[in-house]
Amino acid sequence: MTLPTPEVTPLNEAYWAGLAAGELRFQHCPHCGHRWLPARRECPACLREGAAWEKAAGTGQVISWVVYHTAYHDAFRDRLPYNVAIVELDEGPRLITNILAPHESIAAGMRVRLELQSDFGVNLPRFAPVGAA
Amino acid sequence: MMRGKFVIAGVGHTAFGTLPGRSTVSLNVEACRRALEDAGIEKRAVDGVFVKTPTSAREILYGQTLSEALGLQPRIGIALDQGGAANMSGIAFACLAIEAGMCEVALVCYADNPRSGSRATYARPRGDDAAFGWFSTAAGYAMIHRRHVAEHGTPEAAFGAVAVAARRHGAANPNAQLRKPLTLDGYLAAAPLVAPLRRDDCALISDGAAALVVMSARRAREIGVKAAVPILGMGQAHTSWEVTQRPCLTSTRAKDAARDAFAMAGLGPADIQVAQIYDCFTITVLMTLEDYGFCPPGQAEGFVREGRIVHGGDLPLNTAGGLLSETGMPGLQLVIEAVRQVRGTATLQVPGVRHALVSNQGGTMHTHATLILGG
């Protein structure tokens, strides 16, 4: 069973290329300094174009998380139960991810660091607890 | 001054539950026919159609497709796309159009058939994040539910109390889709769906339709509408951003919608005798009570566990069973129950209702609307 593959577009190709090259990138606005994910053409703060890509340090904190006990797509059926979390990078942008830790150990505010994992041939930005081996 | 200037002149709905072989247009027509009968007016008086787009089966020009099926060529005919809030913002836009002289009598309605049709929209992948397994409407609410627990220590029993109250009220409603009562132990024993959500935290999946007739209070008096219910306050405000992007997960712009509705009505939370709070998921009820000022942030758990929200308590909620028990249809049935409470015709009638409050919301708390009805 194939996993649902992200759609690479001219707008977000720098994001996926960054992950393929081993780094997580976010966009920042050279005009007002706002930083965000996911990719968009205009800055949602000042509405101007010309966003640049910047490498994230790869550290952040867990905002919230859920644990799926039912699969809405066949590709996830034999991964149950699995978690999905919102992580806020230290630079500010937030993203959907998975936490590489026992579900019972996940907590709001938990410090995490980036751990890229190849899944269906794409590097996905997942996060592990800071200090974990 | 909008307070009391407009009324809900009639209400109607189909059966709730599984209605195979019916299109959403057909269900809407039945609900509109019943609402017109309840108002005691002829179809030809209607010159405004405000319909919420069906969640499970979107169509372009839906307002016109429905108008054709109603045999109407309205002055204003529009389909509104705000998820569940569209029902009550439809009421507000109808009032504004009547105020502006752009129409006089409006039908506000909604129908959907996800139970016998397609439920795919509720299980949909959430953009490119599907690669992480991020699917479904329920998971978005689960994310908010979890954050509320993390910030406030909200106990499982508080979510359970909301579900138990809804099921108790629904059990008394002969039209309810799910009339089986629920105990707190039964709630806690159910397997998690997307943890922390359990089965009974989640709205029903339902076929059905509901409709209202909206007109000016003056018009209702002139034509002798028997049981017109005045609209005292309306507000809407939209959080709009996807769950991932919201700086705060545990409060929404429901706060602003309620503030505006209370201000228009000249009322506050203490003036409300019965409330219909949109309960697509139990977390929505807790947060709405907090954002509306019925209790301080993080304290809805005590409020709902003190028995205040059941019939006989001081703020009975969702007295026909809500989305958890009456029908999962997003919202208009809550307005109809508020109309019955003000008229004094509800099955679980609350004594002495002067002011009834309704909340509707849509998406993953993306949109919100508030309505206050009363004499």
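The values are calculated or read from the model by the stated rules, or taken from the named source; none is laboratory data. These numbers come from a predicted model, not from an experiment. Counting neighbours? That spans all protein chains shown, and the Cβs are built from the backbone with ideal geometry, glycine included. Accessible surface areas use protein heavy atoms only, side chains included; no ligands, DNA or RNA. Shrake-Rupley method; radii C 1.70, N 1.55, O 1.52, S 1.80 Å.
Ordered by residue, what ³J(HN,Hα) values in Hz, to whole numbers, does the range B:273-281 give under the Karplus form 6.51 cos²θ - 1.76 cosθ + 1.60, where θ = phi - 60° and Gly and Pro are x?
Along the range B:273-281, the couplings run 9, 8, 10, 10, 9, 3, 10, 4, 9 Hz.
For the range B:284-322, which GluC sites (Glu not before Pro) pass both filters: DSSP loop (anything but H, G, I, E, B) and at most 16 other C-beta atoms within 10 Å?
Listed in order of number, the matching sites are B:GLU306.
Once R0 is set to 25 Å, what does the formula 1/(1 + (r/R0)^6) return for the Cβ-Cβ distance between B:GLU156 and A:ASP90, expressed as a FRET efficiency to the nearest 0.05?
0.15
Among A:PHE127, A:ALA17, A:LEU37, pick out the residue whose Cα is farthest towards the positive end of the charge dipole of the range A:13-129, where Lys and Arg carry +1 and Asp and Glu carry -1 on C-beta, about the Cα centre.
In the range A:13-129, that residue is A:LEU37.
Helix-only estimate, please: 222 nm mean residue ellipticity of the protein assembly as shown, summing -39500 (n - 2.57) across DSSP H runs of length 4 or more and dividing by its residues, to the nearest 500.
Working: 13 runs with 135 residues, N = 508.
Calculated from helices alone, the mean residue ellipticity at 222 nm is -8000 deg cm²/dmol.
Working out 0.36 nm times the residue gap between A:THR5 and A:ALA20, then minus their Cα-Cα distance, what length gain in nm do you get to one decimal?
Contour length minus the Cα-Cα distance gives 4.0 nm.
Select from the range B:23-58 those GluC sites (Glu not before Pro) which occupy a DSSP coil region and have at most 14 other Cβ atoms within 10 Å, ordered by residue number.
Hits after loop and neighbour filter: B:GLU42.
Taking K and R as +1 and D and E as -1, what net charge do the other residues with C-beta under 13 Å from the C-beta of B:ILE78 add up to?
0
Could you work out how far helix B:254-265 tilts from the main Cα principal axis of chain B, as a 0 to 90 degree angle to the nearest 10?
40
Kindly work out what percent of the DSSP beta bridges joining two residues of the protein assembly as shown are antiparallel, to the nearest 5.
80
Which percent of the accessible area of the range A:13-129 is formed by carbon and sulfur heavy atoms (probe 1.4 angstrom)?
Carbon with sulfur: 47 percent of the solvent-accessible area.
For the range B:94-165, which trypsin sites (Lys or Arg not before Pro) are in a loop by DSSP, counting at most 16 other Cβ atoms within 10 Å?
Taking the range B:94-165 and a limit of 16 other Cβ atoms within 10 Å, the loop trypsin sites (Lys or Arg not before Pro) found are B:ARG119.
May I ask you to give the average projected area over all directions of the convex hull of the Cα atoms of the range B:249-347, in nm² rounded to one decimal?
Result: a mean projected hull area of 6.3 nm².
Is there a quick way to get the dipole size of the protein assembly as shown? I mean about its Cα centre, with the Cβ of Lys and Arg at +1 and of Asp and Glu at -1; what is the value in debye to the nearest 20?
880
Summing +1 for each Lys or Arg and -1 for each Asp or Glu, what net charge is found among the other residues whose Cβ lies under 11 Å from the Cβ of A:CYS43?
+2
Quick one: if the Förster radius is 30 Å, what FRET efficiency do B:ARG199 and B:ASP271 give, using the C-beta to C-beta distance and rounding to 0.05?
Details: r = 36 Å, r/R0 = 1.19.
Approximately 0.25, to the nearest 0.05.
Leaving out same-chain residues fewer than 8 places away, which lysines sit with a Cα under 26 Å from that of B:LYS226?
Output for B:LYS226: B:LYS5, B:LYS43.
Estimate the FRET efficiency between B:ASP314 and B:ALA189 by the formula 1/(1 + (r/R0)^6), using the beta-carbon distance for r and 35 Å for R0, to the nearest 0.05.
So, using R0 = 35 Å, E works out to roughly 0.75.
Can you give the Kirkwood hydrodynamic radius for chain B, in Å, rounded to one decimal and based on Cα pairs?
20.3
Each label point is 7 Å from the Cα along the Cα-to-Cβ direction; what then is the distance between the points at B:ARG58 and B:SER240, in nm?
Placing both labels 7 Å along Cα→Cβ, they lie 1.8 nm apart.
So what is the orientation-averaged projected area of the protein assembly as shown, using the convex hull of its C-alpha atoms, in nm²? Walk me through the numbers on the way to the answer.
Numbers: hull surface 96.3 nm².
Averaged projected area of the protein assembly as shown's Cα convex hull equals 24.1 nm².
In whole Å, largest first, what are the principal axis extents of the Cα atoms in the range A:13-129?
If we take the Cα atoms of the range A:13-129, the spans are 45, 30, 24 Å.
Taking the Cα centre of the range A:80-133 as origin, work out the dipole magnitude from +1 charges on Lys and Arg Cβ and -1 charges on Asp and Glu Cβ, in debye rounded to 20.
Around 20 debye, computed over the range A:80-133.
Within the range A:75-93, what residues put their amide N at less than 13 Å from the label point 7 Å along the Cα-to-Cβ vector of A:ALA57?
A:89-93
Roughly what % antiparallel, to the nearest 5, for the DSSP beta bridges in chain A?
Restricted to chain A, the bridges split so that about 95 percent are antiparallel.
What figure, in Å² to the nearest 10, do you get for the accessible area of B:LEU348 with a 1.4 Å probe and non-protein molecules left out?
Roll a 1.4 Å probe over it and B:LEU348 shows about 30 Å².
Picking from B:GLN82, B:LEU357, B:ALA15, whose Cα lies most toward the positive end of the charge dipole for chain B (charges on Cβ: Lys, Arg +1; Asp, Glu -1)?
After comparing all options, I get B:ALA15.
Compute the acute angle (0 to 90°) between the alpha-carbon long axis of helix B:137-152 and the principal axis of greatest extent of the alpha-carbon atoms of chain B; round to the nearest 10°.
Helix B:137-152 sits at roughly 60 degrees to that axis.
In nm, give the distance between the simple-model label positions of A:ASP78 and A:HIS31, each being 7 Å from the Cα along the Cα-to-Cβ direction.
5.1
So for the pair A:ARG40, B:THR345, with labels modelled 7 Å out along Cα→Cβ, what separation do we get in nm?
4.7
With charges only on Cβ, +1 for K and R and -1 for D and E, what is the dipole size of chain B about its Cα centre, in debye, rounded to 20? Before the final figure, lay out each step's value.
Numbers: 35 positive and 32 negative charges, 105 e Å.
Dipole about the Cα centre, nearest 20: 500 debye.
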